[in-house]
1. Go through the stretch B:113-138 and count every residue that is away from chain A (no Cβ under 11 Å) and either over 29 Å from B:Trp26 (Cβ atoms) or not charged (D, E, K, R) (or both).
2. If a residue must be in contact (Cβ under 8 Å) with a residue 40 or more places away in the chain and within 12 Å of chain B (Cβ to nearest Cβ), how many such residues does the stretch A:82-91 contain?
3. If a residue has to be within 12 Å of DNA strand D (Cβ to nearest atom) and among the basic types (Lys, Arg) to count, how many in the stretch A:46-84 make the cut?
4. For the subset of the stretch A:50-68 comprising residues that are in a helix (DSSP H, G or I) and either surrounded by fewer than 17 Cβ atoms within 10 Å (Cβ to Cβ) or in contact with an Asp or Glu (Cβ under 8 Å, 6 or more places away or on another chain) (or both), which member is farthest from the other protein chains (Cβ to nearest Cβ)?
5. Counting just the residues of the stretch B:69-116 that are of a type in the set (Ser, Thr, Tyr) and surrounded by fewer than 17 Cβ atoms within 10 Å (Cβ to Cβ), which one comes out nearest to B:Leu159 (Cα to Cα)?
6. Among the residues of the stretch A:173-193, is there at least one that is in contact with a Ser or Thr (Cβ under 9 Å, 6 or more places away or on another chain), free of Cβ contacts under 8 Å to residues at least 12 places away in the same chain and polar (S, T, N, Q)?
7. When the residues of the stretch A:20-49 are filtered to those that are in contact (Cβ under 8 Å) with a residue 40 or more places away in the chain and touching a Leu at 6+ places or on another chain (Cβ under 7 Å), which remaining residue is farthest from the other protein chains (Cβ to nearest Cβ)?
8. For the stretch B:105-130, what are the residues that are modelled with pLDDT of 95 or more and either β-branched (Val, Ile, Thr) or under 9 Å from the mean Cα position of the chain (by Cα) (or both)?
2 protein chains.
Amino acid sequence: MLEKPIRDRKAERHAATRAEILDAAWEVVRSEGLAALSLRDLAGKVGMQAPSLYSYFDSKHAIYDAMFAQGARAYLEQVRATPLTGDPLTDLRAAVRCFVRFCSEDPARYQLMFQRTIPGFEPSPETFAIAIEGLELLERRLAELGVTDARSIDLFTALGTGIAAQQISNDPGGDRWTRLVDDAVDMFFEHVTKHLPLTRRDPT
Amino acid sequence: MLEKPIRDRKAERHAATRAEILDAAWEVVRSEGLAALSLRDLAGKVGMQAPSLYSYFDSKHAIYDAMFAQGARAYLEQVRATPLTGDPLTDLRAAVRCFVRFCSEDPARYQLMFQRTIPGFEPSPETFAIAIEGLELLERRLAELGVTDARSIDLFTALGTGIAAQQISNDPGGDRWTRLVDDAVDMFFEHVTKHLPLTRRDPT
DNA sequence: GTCTATATTTGGATAGAC
DNA sequence: GTCTATCCAAATATAGAC
């Protein structure tokens, strides 16, 4: 008896083409901006006519959604590839460095995932779930440092996204802000260990 | 001899209509997103046909530019309206509170001024010059505190923009991040007074 | 699965009458 | 200054042949 066709060559080809389309889409948005992605352009890059794309994606938003999911998965991979030392502060620094690098190495991806400037687009629940894993990972790292209160966590995410945002907007391709990560984490850590739980000081 | 016509009624009317158009434009972008502004829509809101707008603005980008300028002027006004107490730290807190409030009270304006997501648009030099005054003002405040090194200033702007960005993205209309401003400024100030000049700690 | 052809909408911008 | 009419380009998406 012959082997069963456990490899579905048709499905493989389909998936490969999907991936090729997404690769081309990333190229387009990186060079011309996220909002400038058009199906005609995209189809051209992969040697197709625009309508053919609909064999692979239901709509333009579906393409954005798949790109969002790729971004979220890429982030998780980068986080998991970061070696742990066992020292919480060192590991936290590494985590933030990882996040800031992830954001600033691809502004278009950052815009897609964190800025939401495409009118009418929001990621599907399944896609968004992937992205949430990233945040939870960060919170676990903070918890290891004894930082569990919501205010401190919020302050920390503001610091991380602020560095990334400034880097992208005002020094794309450089390291003017990314190199501040370690200082920033130290600053946060010192403050938080001194004031746990972080209390509000009203200007009375 | 009769008085000269020092009031140019025609010019006044023209300026008033321009202002009316810009008001309507703000309405549109606030409710439908910055990228969703279209000349047809806009003209409709002020009871015109689209081509009539060209009597007031040379192009769509010119409208964005005028909006940018209005935003920059509005920020300067808000800064100048903030009373100074003479205590540098108090004044710095107030300045950041002012900035974060300015950003988060109008996400569309924030997107126009700080995120630059409109393909092909960038403010004219004259317009941009207004915006720069704002940053210089902040730097003067920091200088009064003895903070003059570039790294510290960059860290500070990252903190401010991070709070604003998180507020807009994750709690629009609320105060989850804006209320952290005072803590953030204190954290920064403590760190900076301890480590002046802010030095780099390499993970060797 | 891919194509051609096309529907449909919408956008910015211009010409020229009034 | 405002209008009508129009141009031109571009977009997403669908229908149906092959």
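The values are calculated or read from the model by the stated rules, or taken from the named source; none is laboratory data. All figures in this text were calculated on a predicted structure; none of them were measured in a lab. Every residue, glycine among them, receives a Cβ derived from its backbone with ideal geometry; neighbour counts consider all protein chains shown.
1. From the stretch B:113-138, those away from chain A (no Cβ under 11 Å) are B:122-134, B:136-138; that's our starting set.
Okay, now just the ones that are also either over 29 Å from B:Trp26 (Cβ atoms) or not charged (D, E, K, R) (or both), so B:123-125, B:127-132, B:134, B:137-138.
Number of matching residues: 12.
2. First pass over the stretch A:82-91, keeping only residues in contact (Cβ under 8 Å) with a residue 40 or more places away in the chain: A:88-89, A:91.
Those left that are additionally within 12 Å of chain B (Cβ to nearest Cβ): A:89, A:91.
Adding up the residues that qualify gives 2.
3. Number satisfying all stated conditions: 1.
4. Restricting attention to the stretch A:50-68, the residues satisfying the condition of being in a helix (DSSP H, G or I) are A:50-55, A:60-68.
Subsequent filtering for residues that are either surrounded by fewer than 17 Cβ atoms within 10 Å (Cβ to Cβ) or in contact with an Asp or Glu (Cβ under 8 Å, 6 or more places away or on another chain) (or both) retains A:50-52, A:54-55, A:61-62.
Details: A:Ala50: 20, A:Pro51: 24, A:Ser52: 25, A:Tyr54: 24, A:Ser55: 28, A:His61: 15, A:Ala62: 20 Å.
Checked the stretch A:50-68; the qualifying residue farthest from the other protein chains (Cβ to nearest Cβ) is A:Ser55.
5. Filtering the stretch B:69-116 down to residues of a type in the set (Ser, Thr, Tyr) leaves B:75, B:82, B:85, B:90, B:104, B:110.
Remaining after also requiring surrounded by fewer than 17 Cβ atoms within 10 Å (Cβ to Cβ): B:82, B:85, B:90.
On the way: B:Thr82: 20, B:Thr85: 23, B:Thr90: 17 Å.
Looking at residues that are of a type in the set (Ser, Thr, Tyr) and surrounded by fewer than 17 Cβ atoms within 10 Å (Cβ to Cβ), I get B:Thr90.
6. no
7. At the first step, the residues of the stretch A:20-49 found to be in contact (Cβ under 8 Å) with a residue 40 or more places away in the chain are A:21-22, A:25-26, A:29-30, A:33-35.
From the residues that got through so far, the ones that are touching a Leu at 6+ places or on another chain (Cβ under 7 Å) too are A:21, A:25, A:29, A:34.
Values: A:Ile21: 22, A:Ala25: 16, A:Val29: 11, A:Leu34: 8 Å.
Filtering first and then ranking leaves A:Ile21.
8. B:Arg109, B:Tyr110, B:Leu112, B:Met113, B:Thr127, B:Ile130 - these are the residues of the stretch B:105-130 that are modelled with pLDDT of 95 or more and either β-branched (Val, Ile, Thr) or under 9 Å from the mean Cα position of the chain (by Cα) (or both).
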